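Heads up: the structure comes next, in structure tokens.
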Amino acid sequence: MLTLKDLAVSYGPIAAVRGVNLGVGKGEIVALLGANGAGKSSILRAAMGLAPITAGRVTLSGVDITGRDPAAIVKRGMTLVPEGRRVFAHLTVLENLTMGAAATPSLRAKTVANCERMYELFPRLAERRSQMAGSLSGGEQQMLAIARAMMAEPAMLLLDEPSLGLAPNIIDQIFDFLTAVNRQGLTILIVEQNADIALEVAGRALVVAQGRVVKEGTSAEVARADLASLYLGAGAAA
Amino acid sequence: MTSEIIIQQLVNAVAVGGTYALLALGLAIVFSVMGLINFAHGELMTITGYGIFFSLAAGLPFPLALAAGIGLAIVAAVSMERIAFRPVRRASPTIMLLSSFAVSTILHILMQNLIATRPKAIAIPEALAGAVNFGTLQIGAIQLLSIIITAISLVGLTLFLNRTLLGISIRAAAEDFDVTRLMGVDANRVIATAFAASGALAAIAGILWIFQRGSVDPLMGFTPVLKAFIAVVLGGMGSLGGAVAGGFLLGFIEVMARAFLPDALQSYREAIVLTVVIGVLYRYPDGLIPRQVSVR
């Protein structure tokens with residue numbers, strides 16, 4: 001579904017991603033693991049058209065989307081739940097969800113129905129629909145960020161550190177939700193520092209260090225590996 | 001009698017402050033969405049003035065001439081964005097600022113050379129010259145109209161920003177531009193709309209300004225927009241509510257200084273007004289209503 005070929009990302013003279021190859025098949029959950037600053041987020045941001053790609057190709061369902069505008073990529077069915085949730089703090093919950101459905105006229109027409117669907121999935125959001133998103137708890141904001149992305153009815157969902165800073169029971173809820181929507185056919189690529197939880201839901205995983213993939217395999221294989229030394233880039237030399 | 005004077009001056013303050021508020025709001029909308037301080041904002045007022053002048057000269061009735069002036073300012077604002085600011089959108093704030101200086105200067109020179117350096121008179125309908133009596137209280141028709149127009153504009157803009165998807169998108173973009181693009185929203189469309197709104201606000205403020213002075217000249221926009229900048233800083237850079245609050249507060253300080261400072265101090269009025277502004281900023285360094293940006 002999503003293929004990255006020899007992807008490189010640089011911010012000025014700083015190379016964040018150096019030739020990453022990655023494929024996510026339809027219906028899969030794939031986890032991208034690695035330490036802070038390894039380049040995981042840059043990979044997602046580049047795929048989404050938010051980070052400068054210096055080399056390589058990004059294809060979504062066979063269509064080359066390298067360096068396309070994020071708005072165009074959303075319309076092609078892929079969307080990102082950004083790191084740190086990034087809900088619009090001074091928009092209400094309902095307005096945040098409305099923004100999530102802004103991409104195309106047909107999505108806009110379904111805004112009300114899709115909001116109701118999100119409220120059923122996340123009842124906490126229903127209670128707070130008229131509140132400013134900034135007044136929600138961290139967990140509720142993460143639910144809102146995911147619900148907002150789901151409003152675009154994506155076929156492929158990218159998530160950047162969805163567990164960051166959240167209580168364990170909230171993390172469980174969020175990952176249960178991801179497992180459930182994956183069963184309904186949503187393809188997911190998830191960046192996580194919390195390897196345990198990510199490997200639990202993902203079928204396959206890749207470990208990234210210093211902008212390169214240093215380990216790739218089924219979740220069981222990656223779980224058996226010495227993640228600590230991989231995180232430090234030990235695998236790069238191997 | 002004293003209370004009447006005070007009420008009279010309060011009405012003045014609301015009328016003057018409203019004009020500043022509209023101008024400041026136009027600056028703030030553009031700043032909040034793309035981080036550009038548009039020094040050419042005053043030229044939009046001037047363009048409105050010439051739009052009205054030439055429409056009247058062509059024989060259009062007054063209300064239609066006003067509409068033409070507003071339309072012209074909106075077209076000018078959107079064109080400015082398309083021609084001058086879009087190419088430097090990703091550049092540093094300094095470069096964007098310099099671009100807006102350039103636009104402002106080019107428009108000055110064009111208007112001075114192609115139209116006139118001297119003011120062109122715009123005849124204001126007689127109905128606006130009079131005053132309206134509320135009991136013993138007498139309020140100028142122009143002031144009353146200014147207040148009504150300001151109120152309608154602010155309510156209209158609030159409805160637009162809260163009830164329409166494009167308006168909500170502008171608020172979202174003001175908070176987090178990248179994530180707004182992630183929603184599949186066309187960035188160009190949001191920015192163009194913000195400019196169109198700022199053009200309309202500048203035009204309405206320009207009309208109120210022209211009602212007061214009855215003429216248009218190439219430098220007409222300079223002073224009011226300078227005041228609007230002060231209002232924006234006073235209210236909190238990029239905060240829309242702040243721009244309105246800053247505009248009204250500045251108008252209030254100015255009018256009260258003009259009305260109640262002793263004659264001996266009147267020549268220091270501007271300095272005294274700005275001292276009060278500095279005093280307010282000393283107490284509220286981020287402005288009255290600081291910009292609301294989500295924590296990243």
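The convex hull built on the alpha-carbon positions of the protein assembly as shown has an orientation-averaged projected area of 29.6 nm². When the alpha carbon gyration tensor of the range A:103-238 is reduced to an equivalent ellipsoid, its three semi-axes come out at 32, 16, 13 angstrom, largest first.
Distance distribution P(r), chain A, all Cα-Cα pairs, bin width 10 angstrom from 0: 8, 33, 37, 19, 4, 0 percent.
Anything over 18 Å Cα to Cα? Flag those among A:40/A:215; A:5/A:40; A:26/A:215, in the order listed. Violating the 18 Å Cα-Cα cut-off are A:26/A:215.
Hydrodynamic radius of the range B:121-168 by the Kirkwood approach over all distinct alpha-carbon pairs: 12.9 Å. Which of B:97, B:161, B:114 moves the most in a Gaussian network model of chain B with Cα springs under 10 Å? With Cα springs under 10 Å in chain B, the top fluctuation among B:97, B:161, B:114 is at B:114. Of all lysines in the structure, those lying under 23 Å Cα to Cα from residue A:110, and not within fewer than 8 positions of it along the same chain, are A:75. In chain B, Cα pairs under 8 Å separated by at least six residues give a relative contact order of 35 percent.
Packing, taken as the mean count of other beta carbons within 10 Å per residue, orders the peptides A:14-20, B:281-287, B:255-261 from highest to lowest as A:14-20, B:255-261, B:281-287. In percent, rounded to a whole number, the relative contact order of chain A is 27, using alpha-carbon pairs under 8 Å and six or more apart. Using the Cα coordinates of chain B, the gyration tensor eigenvalues translate into equivalent-ellipsoid semi-axes of 30, 24, 19 Å, sorted from longest to shortest.
Each of B:22, B:208, B:10, B:265 was scored by other Cβ atoms within 10 Å of its Cβ. Arranged with the fewest first, they read B:265, B:10, B:208, B:22. Shielding value for A:82-90 is 6, the average number of Cβ atoms from other chains within 10 Å of each residue's Cβ.
First select every other residue whose beta carbon is under 13 angstrom from the beta carbon of residue A:170; then total the charges, Lys and Arg +1, Asp and Glu -1. Local charge sum for residue A:170: -1. Using a/c under 1.5 as the rounded threshold, could you call the range A:2-137 rounded, prolate or oblate? The axes a ≥ b ≥ c are square roots of the C-alpha gyration tensor eigenvalues, and prolate needs a/b larger than b/c, oblate otherwise. Taking the square roots of the gyration eigenvalues as a ≥ b ≥ c, the range A:2-137 is prolate. Given R₀ = 41 Å, what would the calculated FRET efficiency be for residue B:266 paired with residue B:75, taking r from the Cβ atoms and rounding to 0.05? It comes out at approximately 0.50. Using a Gaussian network model on chain B with a 10 Å cutoff between Cα atoms, which of B:79, B:32, B:198 fluctuates the most? Ranking B:79, B:32, B:198 by mean-square fluctuation puts B:79 first. Extension gain for residue B:57-residue B:148 works out to 30.0 nm (0.36 nm per residue, less the C-alpha to C-alpha distance). Its Kirkwood hydrodynamic radius, worked out from the mean inverse distance over all distinct Cα pairs, puts the range B:1-122 at 16.4 Å.
Taking the Cα atoms of the range A:178-232, the ratio Rg/Rh between the radius of gyration and the Kirkwood radius comes to 0.99. Counting only residues at least eight positions apart within a chain, or on another chain, the lysines with an alpha carbon under 24 Å from that of residue B:120 are B:227.
Counting only DSSP H runs of at least 4 residues, each contributing -39500 (n - 2.57), and dividing by the residue count of chain B, the helix-based mean residue ellipticity at 222 nm comes to -24000 deg cm²/dmol. Peptide B:166-178 has a mean of 4 when you count, residue by residue, the C-beta atoms of other protein chains within 10 Å of its C-beta.
Where both bridge residues fall in the range A:156-235, DSSP classifies roughly 55% of the beta bridges as antiparallel.
Find the centroid of the Cα atoms in the range B:228-242 and in the range B:247-296, then give the distance between the two in whole Å. Their Cα centres are 11 Å away from one another.
The per residue volume of the convex hull around the alpha-carbon atoms of the range B:38-195 is 159 Å³. How high is the relative contact order of the range A:93-185? Use alpha-carbon pairs under 8 Å, at least six apart in sequence, and give a whole percent. Value for the range A:93-185: 33 percent.
Mean partner shielding of peptide B:92-101, defined as the number of other chain Cβ atoms within 10 Å of each residue Cβ, is 0. As a size descriptor, the averaged projected area of the C-alpha convex hull of the range B:178-252 was calculated at 6.2 nm². Considering only the Cα atoms of the range B:86-128, their convex hull presents on average a projected area of 5.3 nm². Maximal additional length on extending the residue A:183-residue A:54 stretch stands at 42.9 nm, based on 0.36 nm per residue less the C-alpha distance.
Projecting the Cα positions of B:264, B:37, B:179 onto the charge dipole of chain B (unit charges on Cβ atoms of Lys, Arg, Asp and Glu, taken about the Cα centre) puts B:179 furthest along the positive direction. The translational diffusion coefficient of the range B:67-141, from Stokes-Einstein at 25 °C and 0.890 mPa s with a Kirkwood hydrodynamic radius over alpha carbon pairs, comes to 152 µm²/s. Each residue of the range B:138-144 was assigned a 3J(HN,Hα) from its phi angle through the Karplus expression (A = 6.51, B = -1.76, C = 1.60, θ = phi - 60°), giving 10, 10, x, 4, 5, 5, 4 Hz with x at Gly and Pro.
Spatial offset of the range A:178-207 relative to the range B:136-211 amounts to 44 Å, using the alpha carbon center of each.
Each value in this text was obtained by applying a stated rule to the coordinates, not by laboratory testing. Bear in mind that the values here come from a model prediction, so they are computed numbers and not experimental data. Reconstructed Cβ throughout: ideal geometry from the backbone, glycine too, with neighbour counts over all protein chains shown.
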